[in-house]
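Read through the structure below, which is laid out as structure tokens, and then see the notes.
Nothing in this text is a laboratory measurement; each read-out follows from the coordinates by a stated rule. Remember, it's a predicted structure, so these values are computed and weren't measured experimentally. We place every Cβ from the backbone using ideal geometry, glycine too, and count neighbours over all the protein chains shown.
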Amino acid sequence: MNGRMLYHLAIACTMAIVALLWSPLTLLAGEQALDSATIERLTGIKGELSAKEGVFKVSVPRSDLNIIVAGVKMTPPLGLTSWAAFQKAGEQVMVMGDMVMLEDQVNSVMSVALENGLEVTALHNHFFWDTPKVMFMHIGGMGNEGQLAGAVGKVFATIKETSGGKGQVPHVELSPTQTSLDPKPIEDTLGVKGQLASGVYKVIVGRTTKMHGHSVGNAMGVNTWAAFAGSDETAIVDGDFIMFEDEVQPVLKALRGARINIVALHQHMLEESPHTVFLHYWGVGSTRELARGLKAALETQRQ
């Protein structure tokens, strides 16, 4: 066997050894890869893979919306695109996303997200001077790839089903100047006494956290409050709800379960400990129904 043949034989042996050693790593990598076909099938959306970050992202441009911001005709590339991104996290999959909706769509979509195992992590506006008003709901989740993709698919489907003015608006006509409600059932349900002034009955539940090493509480805005107006049979309630981070999802579920609408979910402070999150809400119904819904949410929180 001459030198040339020995050289080629050595190359072939080396390549065979490399292939043998590499194949288990390739298999392992394959086992850890996202199943993009399943994600596309369950979400109903074609996606795009970022190979560098190992993230598979599905996007839905809201080209159906006719949004004007301070005279500017908005298009999806200007920030009107719903999306969800999937990434492996050990044995599980993590999803994060941002859903673009009009006001009448928000709570229907939120309920679907919560009912299907997703977390709602923020709800707010991204623009000023927009007509009609656009809201953005951020979602997250950790778990089984198929379950998460299926949940995201249901969220996208609900956005599509409620678009074009098919969402819900809890309309009621009343004036605080004509308030006739009886505060006692509200007090009995919530276990908190409030004050009636200018036709609005308001209750406040204080909490505490720390900022810069000092305790801050009710008087500094660390509280949940509810303001009722109307009659015992037909009333509105609005207010703030303060939560620690691990309380957010249970409170959202309790309020939506009582058909109380969430209108914002965000922070009011920075660098406090424990970290607090606030939601703003709007409910329509009898005072007893509304008070029971708030009580259910309060009961999910640690004392």
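Among the listed pairs Lys133/Lys202; Lys46/Lys154; Lys57/Lys154, which have their C-alpha atoms separated by more than 23 angstrom in this model?
Details: Lys133/Lys202 28 Å; Lys46/Lys154 15 Å; Lys57/Lys154 16 Å.
Pairs exceeding 23 Å: Lys133/Lys202.
Please report the net charge: other residues with Cβ closer than 9 Å to the Cβ of Phe244, K and R +1, D and E -1.
-1
Is any residue of region 95-113 close enough, with backbone N under 17 Å, to a label point placed 7 angstrom from the Cα of Gln168 along the Cα-Cβ axis, and if so, which?
Within reach of a label on Gln168, which here means backbone N under 17 Å from a point 7 Å along Cα→Cβ, region 95-113 contributes 102-113.
Are there GluC sites (Glu not before Pro) in region 121-218 that DSSP puts in a loop and that have at most 10 other Cβ atoms within 10 Å, and which ones?
Working: sites: Glu145, Glu161, Glu173, Glu187; in loops: Glu173.
Hits after loop and neighbour filter: Glu173.
In degrees between 0 and 90, to the nearest 10, how far off the longest principal axis of the chain does helix 3-32 point, with axes built from Cα atoms?
20
Restricting to Cα atoms and excluding each atom paired with itself, what does the Kirkwood estimate give for region 72-230 in Å?
Values: mean 1/r = 0.0522 Å⁻¹.
With all distinct Cα pairs of region 72-230 included, I get 19.1 Å.
Note down the nm distance, to one decimal, between modelled labels 7 Å out along Cα→Cβ at Glu299 and at Glu187.
2.2
Of Ala229, His268, Val248, which is farthest on the positive side of the dipole of region 176-298, counting Cα position, with +1 on Lys and Arg Cβ, -1 on Asp and Glu Cβ, and the Cα centre as origin?
Ala229
Could you work out [θ]222 nm for the chain from helices alone, using -39500 (n - 2.57) per DSSP H run of at least four and dividing by all its residues? Round to the nearest 500 deg cm²/dmol.
On the way: 7 runs with 96 residues, N = 303.
One gets -10000 deg cm²/dmol as the mean residue ellipticity at 222 nm.
Take the Cα pairs of region 176-298, get the Kirkwood Rh, then feed it into Stokes-Einstein at 25 °C and 0.890 mPa s and tell me D in µm²/s.
Details: Rh = 14.7 Å.
Approximately 166 µm²/s, per Stokes-Einstein.
Below 8 Å, C-alpha to C-alpha, sequence gap of six or more: please give me the relative contact order for the chain in percent.
13
Using only the Cα atoms of region 130-189, what do you get for the radius of gyration and for Dmax, in Å?
19.5, 53
Along the charge dipole of the chain, which of Val120, Gln301, Pro76 sits closest to the positive end, that is, farthest toward it, with unit charges on the beta carbon of Lys, Arg, Asp and Glu (+1, +1, -1, -1)?
Comparing the listed Cα positions along the dipole, Pro76 ranks first.
Once Lys and Arg get +1 and Asp and Glu get -1 on their Cβ, which of Ser180, Ile45, Tyr281 lies farthest toward the positive end of the dipole of the chain?
Of the listed residues, the answer is Ile45.
How big is the Cα convex hull of the chain in projection, averaged over all directions, in nm²? Write down the numbers at each step before the final one.
Working: hull surface 93.9 nm².
For the chain, averaging the hull's shadow over all directions gives 23.5 nm².
Give me the dipole magnitude in Debye, nearest 20, for the chain about the Cα centre, with unit charges on the beta carbon: positive for Lys and Arg, negative for Asp and Glu. Kindly include the intermediate steps, with their values, before the conclusion.
On the way: 24 positive and 30 negative charges, 93 e Å.
Using Cβ point charges on Lys, Arg, Asp and Glu, the chain gives about 440 debye.
Counting alpha carbon pairs within less than 8 Å and at least 6 residues apart, what relative contact order, in whole percent, applies to region 50-140? Write down the numbers at each step before the final one.
Values: 157 pairs, mean separation 26.0, N = 91.
Relative contact order, region 50-140: 29 percent.
Only Lys, Arg, Asp and Glu count, each charged at its Cβ (+1, +1, -1, -1), so figure out the dipole size of region 176-298 about its Cα centre, rounded to 20 debye.
Working: 11 positive and 13 negative charges, 30 e Å.
In debye, rounded to 20, region 176-298 gives about 140.
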